[in-house]
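Since the structure comes first, as structure tokens, the remarks are kept for the end.
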Amino acid sequence: MTKTYVDSGVLIAVVRGDPLFARQALSVLEDSNRTFVASVFLRLELLPKAIYHRNRSEVAFYEGFFARAADWAGPVERVMELAEQTAAQHGLNALDALHVAAALTLGAEEFVTTERSSKPLHRVTGIKVMSI
């Protein structure tokens, strides 16, 4: 099993993306050779807005994904410390740095994102960064 951390864009693609992009995202999420890990940062990025807009199907999808998560990143202080180092080293924005740091602290083997390969996220070392 490949321990995988998915960026919020992958989950958003399933519920709000164009059909081709949604299929690509679903193929990752439905891959039985992967186990998924998550963080409170991912949850915070996705759920509140869907709840606010009363999008029940989107909320249900995200909650279903989080219920399947095999592990959660923590402690938050350690993740934040690593995120700051990672952001400074690779030129990441704050949220991308938090996601990468969470993935690294969880021992994830891959980080799946919707970011193009030209973005700073793909400069990160220590984990395979893959775009859909």
Hydrodynamic radius by Kirkwood for region 17-87, inverse mean 1/r across distinct Cα pairs, in Å, is 14.0 Å
Unit-weight point scatterers at every alpha-carbon of region 48-113, Debye formula, q = 0.29 1/Å: log10 I(q)/I(0) is -1.12
Taking max minus min of the Cα coordinates of the chain on each principal axis, largest first, gives extents in Å of 37, 27, 27
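Readers should treat all values here as calculations from the given coordinates under stated rules, not as data from a laboratory. These numbers were taken from a predicted model, which means no experiment stands behind them.
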